[in-house]
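Below is one structure, written out as structure tokens; comments come after it.
Taken together, the values in this text are just the output of simple stated rules run on the coordinates, not laboratory data. Please read all numbers here as calculations on a predicted model, not as lab measurements. Glycine also receives a Cβ, built like all others from the backbone with ideal geometry; neighbour counts cover every protein chain displayed.
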Amino acid sequence: MVHYAAFDPRRPVVHGFFHDAALSWCVMMESLRVPSTCHCHALSPSERSWRWTRWAPAATRRPRMSAAWWQWVASTDSLTARLIAASERPFRVRLVHQGIERPRRDEALALGLAHTDVAWIREVMLMSGERPWVAARSVAPLDRIGCRRLRTLGERSLGSWLFAQHDLERDPIEVARVSPPGEGLWLRRSRFRHGGIQLLVQECFQREMAEDLGLSPT
């Protein structure tokens, strides 16, 4: 099944570092909605790539993808570990944005949320030195455990924690081509479950990564 992602560049967002008490209050509010007055952040690289996204099972994209890209896009192990191994420069995570906001419609559908629900959203850039390699966007429903876990990561890698969980479950990977071509080349996403936590992880492979690793644009 193919899903289309609608993008709203002016969707409301609530910024800031939430104390546990404030976060618990948000979680208990079953009818929590985004306030009518709030701030909007500038478009991140991941948002520019995901304005209109056509998701499909990874296998259906295989004929259009080089073998080298397939090894990256279809891999089910830790992307963080792969990036660290491939990078000749120090690997780091740069936090771009995090906060409570309304997910895109395709994100809400993937997580079983109503289109009016809000979630904790974290966007980072996975860097090889000063070169951006992967723009990542994680979406977690506002439950007490999953929300706190994303909030407290800061500039640490989500993958390094996620793949250390013995009961981790991962749904099949979905893939999309960036259209129109921009900073990113290929997109992928999948839903992870660990205990009572579920979150949607989306990754956009950047042109700088292709240039540094000698990968073709397709």
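Classify region 55-95 from the C-alpha gyration tensor, please: rounded if a/c falls under 1.5, else prolate or oblate depending on whether a/b exceeds b/c. It would help to have the intermediate numbers written out before the result.
Working: a/c = 2.79, a/b = 2.06, b/c = 1.36.
Taking the square roots of the gyration eigenvalues as a ≥ b ≥ c, region 55-95 is prolate.
Obtain the nm distance between the two label points defined at T152 and R92 by a simple spin-label model: each point lies 7 Å from its Cα along the Cα-to-C-beta direction.
2.4
Quick one: T60, T53, fewest Cβ neighbours within 10 Å first, how do they rank?
Working: T60 11, T53 22.
Listed from fewest to most nearby Cβ atoms, that is T60, T53.
Once you place label points 7 Å from the Cα toward the Cβ at E183 and E211, how far apart are they in nm?
Modelled inter-label distance: 1.3 nm.
Taking θ = phi - 60°, what integer Hz values does the Karplus form 6.51 cos²θ - 1.76 cosθ + 1.60 yield along region 117-122, in sequence order, with x for Gly and Pro?
6, 10, 8, 8, 10, 10
Going by C-beta contacts inside 10 Å, put V73, V175 in order with the fewest on the left. Write down the numbers at each step before the final one.
On the way: V73 21, V175 24.
By the 10 Å Cβ count, ascending: V73, V175.
Could you list E101, E211 in order of exposure, starting from the residue whose Cβ has the fewest other Cβ atoms within 10 Å?
On the way: E101 21, E211 11.
So the residues, fewest neighbours to most, are E211, E101.
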